[in-house]
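Inspection log for the structure reproduced underneath, given as structure tokens.
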Number of protein chains: 2
Amino acid sequence: MENRTFKDSIYNAIAGLTKAFSHANRLEILDLLANGEKTVEQIAVQTAITVANASQHLQLLKNARLVKSRREGNFIFYGINGRKAYAAWQALRDLALEAEPAVQVTLRQFRGDTFLKGVASPQNALLLDVRPPDEFAAGHLPNALSIPIEELPQRLAELPRQKTIIAYCRGPFCTLADEAVQLLKANGFDAVRLEETYLDHKLLNDEIWQN
Amino acid sequence: MENRTFKDSIYNAIAGLTKAFSHANRLEILDLLANGEKTVEQIAVQTAITVANASQHLQLLKNARLVKSRREGNFIFYGINGRKAYAAWQALRDLALEAEPAVQVTLRQFRGDTFLKGVASPQNALLLDVRPPDEFAAGHLPNALSIPIEELPQRLAELPRQKTIIAYCRGPFCTLADEAVQLLKANGFDAVRLEETYLDHKLLNDEIWQN
DNA sequence: AATCTAATCAAGTAATTGTTTGAATACTTG
DNA sequence: CAAGTATTCAAACAATTACTTGATTAGATT
């Protein structure tokens, strides 16, 4: 094989893979799926696109081997396909967080500075997971309390008023924890948001990636 | 700001960044620039595209902050912009090497199995850097001997016949070391190719990323 | 078997991205 | 300051990618 042919072939194949990452909806889908399996319609609703469109993005992600699917009854559940798929997305995300002004500006505009980076869990704090129950069940930060965001208004009594509440959800671009912090503050709690999700820590131990 | 607006804005901004990675020529350019600064024409020649086309890809990479440029006389030298830019490309590359069959097949077809993964430098071996002198000067593996590929035919006498020669160049998709191994074997040497380049190790120590 | 549901497919159009060509710009050197 | 060189720009065309719509498929339920 010619050197040029070899390089063209390799770099085109890799570019084909990276193209799977280069669409806003697909990145959002990866973030979603990293937190647990979802059906096509759930994904479509969460990302505010049509079902057909979501299906097409999922096909593309599946062809790129970034996600996998399994059928259960009438539903097809999609999930992220392995540790390296998330690691690559994470590397791109971190690069953008560090180097892309548009990302920094939008984040600051939306969230201000009232969030934690990293999980140096303070002494006098409670870690609160506000994702849906199935996502909590699929994996969560150690010692976190699970109260899905919809139930939070009714379950404020369960939270200690003398502790700082650290809320987290699906990662830096998920808004569930932002809503939680807003609600908690409005009710007199000391609340702050953690940007990372459990996956960003779990990557260190391989346990959840046994696929 | 609306939740949906926030997410659209963020994911679109990141997708804009990842699009910079989703073209074969741009990936090849990143590999090149990671090994040292190059002028537009050098890049065009190496990647077998026109100068105007290379310039446009470089503009795009520069807008995405993956590369930076500086003028020196008539020339503009482009170089990779920081550690995380290379780290993201590395994460994508590793994902492709592990999960993309097209990449694996092409690599095997071109190179067979006669290469090393990782640099567990054996005792009785000599590490040979066959890249151009300026790239060697910009950074290299410890204890490596520099003989640019063009000079290799005339300088075979400098190499020990009782040792295994481990040749490396710009990374897994560079063909310089393959040519070297071929030449060395044809001349009776025991030669093998290392796929990684010095950057893949240097990432561990931060020294070279002081930009 | 008929019906229902979730998901996918196919086709058409819209939008974006890539490449080529030739001209223009920015800087250097004589 | 004129001439030369490396790079960029601009415009036109080509190729790819994305989204919508409506129909179809695959499996579950009755």
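Just so it is clear, none of the values below were taken in a lab; they were calculated from the coordinates. Source: prediction; values computed, not measured. For neighbour counting, all protein chains shown are included, and Cβ atoms are generated from backbone atoms with ideal geometry for every residue, glycine included.
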Is there a simple number for the mean count of other chain Cβ atoms within 10 Å of the Cβ of residues in A:78-88, and what is it?
3
Computed ³J(HN,Hα) along the range A:174-189: with the Karplus parameters 6.51/-1.76/1.60, θ = phi - 60°, integer Hz and x for glycine or proline, the list is 8, 9, 4, 5, 5, 4, 4, 4, 4, 5, 5, 5, 4, 9, x, 7
Among B:66-75, B:167-176, the order from most to least packed when residues are scored by Cβ within 10 Å on average
B:167-176, B:66-75
Residue by residue through B:19-31, how many Cβ atoms from other chains fall within 10 Å of the Cβ on average?
5
Picking from B:110, B:136, B:21, which is most flexible by a Gaussian network model of chain B using Cα springs under 10 Å?
B:110
Roughly what angle does helix A:3-19 make with the longest principal axis of chain A, taking Cα atoms, 0 to 90 degrees, to the nearest 10?
30 degrees
Can you list, shortest first in nanometers, how far residue B:5 lies from the same residue in the other copies, with each label 7 Å from Cα toward Cβ?
5.5
DSSP beta bridge pairing in the protein assembly as shown, given as percent antiparallel to the nearest 5
40 percent
In the Gaussian network model of chain B, springs joining C-alpha atoms below 10 Å, which of B:85, B:96, B:20 carries the largest mean-square fluctuation?
B:96
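When the helices in chain A are scored as -39500 (n - 2.57) per DSSP H run of 4 or longer and the sum is shared across all residues, what 222 nm value do you end up with, to the nearest 500 deg cm²/dmol?
-14000 deg cm²/dmol
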To the nearest Å, what is the center-to-center distance of the range A:26-74 and the range A:151-188, using C-alpha atoms only?
28 Å
Taking only C-alpha pairs under 8 Å that are 6+ residues apart, what is the relative contact order of chain A in percent?
17 percent
Inter-copy separations for residue A:185, label at 7 Å along Cα-Cβ, nm, ascending:
6.5
Under 5 Å from the placed amide H of residue A:165, counting only residues 5+ away or on other chains, we find A:126, A:190, A:191, A:192
Calculate how steeply helix B:101-111 sits against the longest principal axis of the alpha-carbon atoms of chain B, using the helix alpha-carbon long axis, and give the answer as 0 to 90 degrees to the nearest 10.
30 degrees
On a 20 Å Cα-Cα criterion, which of the cross-link pairs B:19/B:68; B:38/B:62; B:7/B:68; A:7/A:68 come out too long?
B:7/B:68; A:7/A:68
Classify the range B:107-202 as rounded, prolate or oblate from the Cα gyration tensor: take a ≥ b ≥ c as the square roots of its eigenvalues, call it rounded if a/c is under 1.5, otherwise prolate when a/b beats b/c and oblate if not.
rounded
Angle, helix B:83-99 long axis vs. longest principal axis of chain B, Cα atoms, 0 to 90°, nearest 10?
70 degrees
Going residue by residue through the range B:75-80, the Karplus relation 6.51 cos²θ - 1.76 cosθ + 1.60 with θ = phi - 60° gives ³J(HN,Hα) values, rounded to whole Hz and with x marking Gly or Pro, of 9, 10, 9, 9, x, 6
Could you give, in nm with one decimal, how far residue A:69 is from each other copy of that position, shortest first, with labels 7 Å out from Cα toward Cβ?
4.4
